[in-house]
Amino acid sequence: MLYIFLRSHARILALFAITISILYGSILSHDFIHDDHGQIEQNIYIQSLSYLPKVITGCIWEAALGSCTFSSYYRPIQSLSYLFTYSISHEPWAFYLVNLFYFWILGCLVFLLAHLLTENKTIAFLTAFFFIIHPINTEVVAWIAAVPELTYTIFLVTGTILHILYRKNQITSYEWVYGAYGLGIASKEPAVFLPIILLILDYFHFKKSVKELITRKEIIRYILFIPMLLLYLGARMYVLGSLGTDGFYSFTPKERIVHFFSLLGLYLKKLIYPYPLNFFYEFGVSSLTPTSLMYSFLFCILFSLLAYTAFRKNRAIILFACLWIFIFLSPALIFINSLGENVFSERYAFASGIGFSLLVALLANFLMKRYPYISQRVLRVVFLLVIILASSVVIKRTFDWKNDVILYNDTLIKNPNADLILYNYAVILRDNGEYAYAKTLFESVIAKGRLREPWKAHNNLGNILRMEGNTKEAFAHFKHAIEINKNHREAYSNIGALFIDEDNPLAALPYLCEALTIDPQFKNAENNFAHAINTLSTRKPETIYYEDMVKKKVFIKESGELPITFKSKECNTKQCSYFFSTHFTEPQIMLPFIIMSKNTHGIVEKAVDPIFNSDSNTIILSFDKKTERGLLDFIFPTCNGTYYSIREATQ
């Protein structure tokens, strides 16, 4: 049936492909932008098919963040799409081409869905065509990182189509619906609402009574969606370590209600009149004016009246379109405190655009039937104007997504308070060598105090100050970054590098140790650590390091009951070995290459190839026989900037 339908409408589907090519073809020459850098360019896990298991056991931000515990995204289909695309080409055009292909597939599916719902080719065509040319979709199509919106909506529409075909007895297996549901939630979380859409179809479109829907067979059919959801939630918990994310905003119940309706009104307004388009909108208590609230509530009231009228007059398709819009806007309305800085975003309205396009198509069809004589001329002119206006907005907007500089400049012109974008723009300027301007922007964004992750700005500003030779201020900003976020590995590593620059590798070690404790595979810290070790190993006399560590207090002496105890000494003609027992109550990282001894004559020497035996909780230190001049004091430096001082006991 599906093959026959597609073949019989090949010209229409080809028209969709041509339209998409005209509107969005220019994006094939665009660069990677914004999140694309971390998700694709810096993501080793999508750059080889050998990482295929990581699709399930990892997350899209793992390579950039060093761990999935810092991410809220578990979207395996996104990783899978990137993995296969990268195997074809690592250039941006390949990823943009995949986006265009997904968008065309979705346009065809929307056409089929509308046709199945209305059994009217005109309405089906208009629905799909309006959806394809709607300017609000530009962000999703022209931004590679928005591919989850495309894939989850594809599986969402596919699941809905399969359900309709099943109810019409055109397919006999319902497992395909469950499959589409599983792939949908593996693409993006809002697909979890698919069973609600299907229930709405059953009740309003297929006219199934409550009694029919609560039969054992129907209850089991809907219950069987749960295992797929639990499987996803289990995998998400395993990979991310949690089901949700920490809230970025804190709202009172009253504020949540106000924001719910104001956001809903803004999205409805944007669906109707999307111009101007922007990447980063300002939204918050301070941005809500009485006028904007009034318009938002007005759109909410009109939308509610439309849905209520459709319900009262038994207009199932209109009601379905309204509920589709609301259901797939609801995640952005309900989970407002977890959306991050960009609360209001065009991509969040992408799936809802299908319902809106269906409403527009139904209205156009109604006008053509109600006013046949006028509509032949007027509606054609209106339709042509809509196409021209929408297309011009889309084509112009795609050029704003060409690269980071153009996108950020456009965003900051439209919203000067977009602090995250200002920060990202400063990073680009720094990478391009425009340090003075970048420094000014970093200082500006820090002064505003509204950045969600201010430690990054402090760290980047510290790097520029370090390059300028302003060590004191650079250190202050690195320390401030650590005070805000104690797990900021980059700041620890940068402080270590700062001390290495000042020819003080001993002071660098605790900070580099901390960076590697946070992320043992952090290459920057590994390189700095190796540099510090190499410097220490090639410099003599050891007395200098001993004096720095003990008297200048580069390391702090541990007091109280010590976890290291001297046990015995054994000597031969060349060297003496000293045995210690350990009883640490918690894991401790030693720095064996600077374990030293000092004898009663003040001679300091580093231990030769220290041996740590974790099974027997033993440390063995060896020193040349020539240093045996009285009892020895031993210094055991640790990675956290402290040291244990142990004296040799008489035997």
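The values are calculated or read from the model by the stated rules, or taken from the named source; none is laboratory data. All values reported here derive from a predicted model rather than from experimental measurement. Note that each Cβ is placed from the backbone with ideal geometry, even for glycine, and that neighbours are counted across all protein chains shown.
Observations on the structure shown:
- Selected residue (only one of Gly241, Gly179, Gly184 is exposed (fewer than 15 other Cβ atoms within 10 Å of the Cβ) and among the small types (Gly, Ala, Ser)): Gly241
- Filter result (farther than 16 Å from His134 by Cβ and free of Cβ contacts under 8 Å to residues at least 24 places away in the same chain) within segment 346-367: Phe366, Leu367
- Residue within segment 151-163 that is outside any helix (DSSP H, G or I), of a type outside the set (A, V, I, L, M), closer than 30 Å to Asp36 by Cα and modelled with pLDDT of 95 or more present: no
- Test for Val386: is it touching a helix residue (DSSP H, G or I) at 6+ places or on another chain (Cβ under 6 Å) and within 29 Å of Leu302 (Cα to Cα): no
- The residues on offer are Tyr492, Tyr511, and the sole one that is within 28 Å of Tyr437 (Cα to Cα), assigned to a helix (DSSP H, G or I), outside the structural domain of Pro637 (by TED's automatic domain parsing) and among the hydroxyl-bearing types (Ser, Thr, Tyr) is Tyr492.
- Every condition in (1) under 24 Å from Ala351 (Cα atoms); (2) modelled with pLDDT of 90 or more holds for Thr245 except the one numbered (2).
- Residue in segment 501-512 that is in contact with a Ser or Thr (Cβ under 7 Å, 6 or more places away or on another chain) and more than 20 Å from Thr642 (Cα to Cα) present: yes
- For Ser187, the conditions (1) assigned to a helix (DSSP H, G or I); (2) within 20 Å of Tyr73 (Cα to Cα); (3) of a type outside the set (D, E, K, R) are fulfilled apart from (1).
- Only one entry of Leu49, Leu6, Leu28, Leu15 meets the criterion of being out of contact with any strand residue (DSSP E or B) (no Cβ under 7 Å at 6 or more places or on another chain), at pLDDT below 90 and either under 30 Å from Leu116 (Cβ atoms) or surrounded by fewer than 18 Cβ atoms within 10 Å (Cβ to Cβ) (or both), and that entry is Leu6.
- Filtered residues of segment 583-604 (kept if assigned to a strand (DSSP E or B) and either more than 21 Å from Thr565 (Cβ to Cβ) or under 42 Å from the mean Cα position of the chain (by Cα) (or both)): Met590, Val604
- Yes/no for Ala128 being farther than 17 Å from Ser21 by Cβ, buried (at least 23 other Cβ atoms within 10 Å of the Cβ) and outside the structural domain of Arg489 (by TED's automatic domain parsing): no
- Matching helices (runs of 4 or more DSSP H) fully within segment 56-122 where at least 3 residues are at pLDDT 95 or above: 76-88, 92-118
- All conditions in (1) touching a residue at least 40 places away in the same chain (Cβ under 8 Å); (2) in a loop (DSSP other than H, G, I, E, B); (3) among the aromatic types (Phe, Trp, Tyr) hold for Phe579, with the sole exception of (2).
- Here Ala64 fulfils each of the conditions (1) surrounded by 15 or more Cβ atoms within 10 Å (Cβ to Cβ); (2) aliphatic (A, V, I, L, M); (3) closer than 21 Å to Trp93 by Cβ apart from (3).
- Of the numbered criteria (1) of a type in the set (Gly, Ala, Ser); (2) surrounded by 20 or more Cβ atoms within 10 Å (Cβ to Cβ); (3) more than 19 Å from Val147 (Cα to Cα), the one Ser79 fails is (3).
- A residue that is in a strand (DSSP E or B), touching a Cys at 6+ places or on another chain (Cβ under 7 Å), among the hydrophobic types (A, V, I, L, M, F, W, C) and within 27 Å of Thr538 (Cα to Cα) occurs somewhere in segment 605-624.
- The sole residue among Phe326, Phe283, Phe279 that is at pLDDT 90 or above, in a loop (DSSP other than H, G, I, E, B), within 24 Å of Ala351 (Cβ to Cβ) and out of contact with any strand residue (DSSP E or B) (no Cβ under 9 Å at 6 or more places or on another chain) is Phe279.
- Flag for Ile226 being in a helix (DSSP H, G or I) and at pLDDT 90 or above: yes
- Unique match (being in the same structural domain as Glu502 (by TED's automatic domain parsing) and of a type outside the set (Lys, Arg)) among Leu591, Leu536: Leu536
- Filtering Ile395, Ile446, Ile413 for residues that are over 27 Å from Asp519 (Cβ atoms), over 22 Å from the mean Cα position of the chain (by Cα) and surrounded by 15 or more Cβ atoms within 10 Å (Cβ to Cβ) leaves a single hit, Ile395.
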